[in-house]
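Notes to accompany the following structure.
The values are calculated or read from the model by the stated rules, or taken from the named source; none is laboratory data. Keep in mind it's a predicted model, so treat the numbers as computed, not measured. We work out accessible area using only protein heavy atoms, side chains counted, and drop any ligands, DNA or RNA first. Shrake-Rupley method; radii C 1.70, N 1.55, O 1.52, S 1.80 Å.
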Amino acid sequence: MKIEGRYARNRKTLSDEDQLKLSTSCVAIVGCGGLGGYIAEELARIGVGRLVLVDGDRLEVSNLNRQIMATELNMGQWKVTAAQERLRNVNSEVNVQAVRGWFEAEKGPELFQEVDLVFDALDSMHIRVELEKVCHQMDLPLVFASIAGWFGQVGVSLPGDFSVLRLYGKGEQGVESTWGNPAFTPAVLASLSVAEGVKILVGRLPALRHAWLQVDLQTMEFERFEIQ
């Protein structure tokens, strides 16, 4: 890995040792829509060595407004396949594994066998809770985010915390389908998620453990809440 070229601008933010840790890390992203697509792209650009992308959906016209993997030329393509192709052009040094299918708890041990960190980019509250449970059973940290309209939430759940269960355990479905999403909301929340995830991968403490950040892009207010 040559840090002088592709990753030169990461320096002073990330040390050479940090960059090496990222290059040998494996990250799973569950859900490759608006949030997941931006997360995958940022992780590839920053130099995470291996990405496991999990999604069972195809691209459609309504995705064009916010999903970075969607273009007018790839409508109908599986999202994970579109992501794999795009990321190959972004950073050919990254090994991208495309898993075409919806996340199921019983598949977790196989999917996450070599994974160091998981990102939750889902919109089903029930599946989010199941994903957290699997991550904790496998001693894996989880970064979670949700988006709707001008608003978003992001947090970190380390093994044993069960922050997702406490925050979303009573819900069945996200409100994205009701409030919609412009392009900027998933981009912002994905970037916040990646910032927390990179800290975990290089051995720093995340800021949002036992907490979640509420983001209001209409008023530009960011407020941190403790998860009891």
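Data overview
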| quantity | calculated |
| --- | --- |
| Spherically averaged projected area in nm², based on the convex hull that wraps the Cα atoms of the range 107-160 | 3.7 nm² |
| Å² per residue, accessible surface of the chain at 1.4 Å | 49 Å² |
| Exceeding the 31 Å Cα-Cα cut-off - candidates LYS12/LYS79; LYS21/LYS107; LYS79/LYS199; LYS12/LYS170 | LYS12/LYS79; LYS12/LYS170 |
| Sum of -39500 (n - 2.57) over DSSP H runs of 4+, divided by residues of the chain (222 nm, nearest 500) | -10000 deg cm²/dmol |
| Of all DSSP beta bridges in the chain, antiparallel share, percent nearest 5 | 50 percent |
| Antiparallel bridge percentage (DSSP; both residues within the range 26-96; nearest 5) | 10 percent |
| Pair-distance profile P(r), taking every C-alpha pair of the chain, with 5 angstrom steps and integer % | 1, 7, 15, 20, 21, 17, 12, 5, 1, 0 |
| Carbon plus sulfur fraction of accessible area for the chain, probe 1.4 Å, in percent | 50 percent |
| Max mean-square fluctuation residue, GNM over the chain, Cα-Cα springs under 10 Å, options GLU196, GLU42, GLU17 | GLU17 |
| Antiparallel bridge percentage (DSSP; both residues within the range 30-158; nearest 5) | 40 percent |
| Calculated SAXS-style log₁₀ I(q)/I(0) at q = 0.10 Å⁻¹ - the range 116-223, Debye, Cα scatterers | -0.26 |
| Intensity falloff of the range 12-108 expressed as log10 I(q)/I(0), Debye formula with alpha-carbon point scatterers, at q = 0.15, 0.21, 0.22 Å⁻¹ | -0.57, -0.99, -1.06 |
